[in-house]
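Here is the structure we will look at.
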Amino acid sequence: MNEVGKPRRALVVIDVQNEYESGGLRIQYPPVADSLRNIGRAMDAAHAAGIPVIVVQQSSPVDAPLFATGSRGWELHAVVASRPHEHYLRKVLPSAFAGTDLGDWLEAHAIDTLAVVGYMTHNCNDTTIKHAFDAGLAVEFLMDASGSVPYANRAGAATAEEIHRVFAVVEQSRFAAVMTTDEWLAHVIQGTTPERDNIHASHQRALARLGEAA
């Protein structure tokens, strides 16, 4: 927080690339059109409020099945490419901090709160959120400006909705304040901080729900 108690935010827009809308890794939940619209709204609100916007682009080798550098899927989606930003970085690992100058840039600009949008909830967003948390930053996650895909492997299977919902619950339990874009916009306008939680309280609420169900 700054000297008057208001968060000094930056908005990080993670991997909003064509791969997730029309390529080989299409977001299924929430509907990608909805999350893209909310990402644009968050970027517009940040720009209007003087909150710096950081755009991140995942890059893979030119022969990779996803995010092949220079391919259509690798390109930034028009929602992001058409809007201004203060900083841009490319990454090859899930976390936006890994192998990039993001941490140094945030420190140089005295940022204490990182708002996260983009893709995917359970992969690059999750690792970036936890990296930021471990670095001492307050984190905000706009759950309707993100999304997930379904998985199936030897460990089991999960729908996109299940993955997105569970990761959002886990983030709220300690690592980030999870909210809708509308809620975030209100906090930006009012200069307020969102509700945060902890593991113990989250667990106790779950036990109480189980007790009521029984």
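FYI, it's all coordinate maths here, none of it is from the lab. Just so it is clear, the structure is predicted and the values come from calculations on it, not from any experiment. Glycine gets a Cβ as well: all are built from the backbone with ideal geometry, and neighbour counts include every protein chain shown.
What is the local net charge at Phe133, summed over the other residues whose Cβ is closer than 14 Å to its Cβ (Lys, Arg +1; Asp, Glu -1)?
-3
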| said: Considering all alpha-carbon pairs of the range 116-214, what whole percent are spaced by more than 23 angstrom? | reply: 33 percent
| What spacing in nm lies between the two simple spin-label points modelled at Ala208 and Ala157, each 7 Å away from Cα in the Cβ direction? | 3.7 nm
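Evaluate the charge dipole of the chain about its Cα centre and quote only its size in Debye, nearest 20, assuming +1 on the Cβ of each Lys and Arg and -1 on the Cβ of each Asp and Glu. Each step should come with its number before you reach the end.
Numbers: 17 positive and 25 negative charges, 39 e Å.
Charge dipole, the chain, about its Cα centre: 180 debye, nearest 20.
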| message | Which of rounded, prolate or oblate describes the range 1-107 when judged by the alpha-carbon gyration tensor and an a/c cut-off of 1.5? | response | oblate
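Under 8 Å for C-alpha pairs, at least 6 residues apart: give me the relative contact order for the chain, rounded to a whole percent.
On the way: 396 pairs, mean separation 49.4, N = 214.
Averaging sequence separation for qualifying contacts and normalising by length gives 23 percent for the chain.
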| Say we join alpha carbon atoms closer than 10 Å with springs in a Gaussian network model of the chain; which of Ile54, Ile39, Ile199 then has the biggest fluctuation? | Ile199
| task | With a ≥ b ≥ c taken as the square roots of the eigenvalues of the C-alpha gyration tensor of the range 9-213, please select rounded if a/c is under 1.5 and otherwise prolate if a/b is larger than b/c or oblate if it is not? | result | oblate
| note | Going fewest to most other Cβ atoms within 10 Å around each Cβ, Phe141, Phe67, Phe175 line up as Phe175, Phe67, Phe141
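So what's the net charge close to Val32: Lys and Arg +1, Asp and Glu -1, counting the other residues with Cβ under 9 Å from its Cβ?
Charge balance in the 9 Å sphere: -1.
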| query | Taking springs between alpha-carbon atoms closer than 10 angstrom, which of Ala98, Ala186, Ala155 fluctuates most in the Gaussian network model of the chain? | reply | Ala155
| remark: Largest fluctuation, Tyr29, Tyr151, Tyr119 only, Gaussian network model of the chain with Cα springs under 10 angstrom, belongs to Tyr151
| message | If you take every residue apart from Val53 with its C-beta less than 15 Å away from the C-beta of Val53, what net charge results, scoring Lys and Arg +1 and Asp and Glu -1? | response | 0
| From the square roots a ≥ b ≥ c of the eigenvalues of the alpha-carbon gyration tensor of the range 91-143, which class results: rounded (a/c under 1.5), prolate (a/b over b/c), or oblate? | oblate
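What is the order of Trp184, Trp74, fewest Cβ neighbours within 10 Å to most?
The fewest-first ordering by Cβ neighbours comes to Trp74, Trp184.
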| query | What whole number of Å gives the distance from the Cα centroid of the range 90-128 to the Cα centroid of the range 16-85? | reply | 14 Å
| query | Taking every DSSP beta bridge that has both residues in the range 1-131, what percent is antiparallel when rounded to the nearest 5? | reply | 5 percent
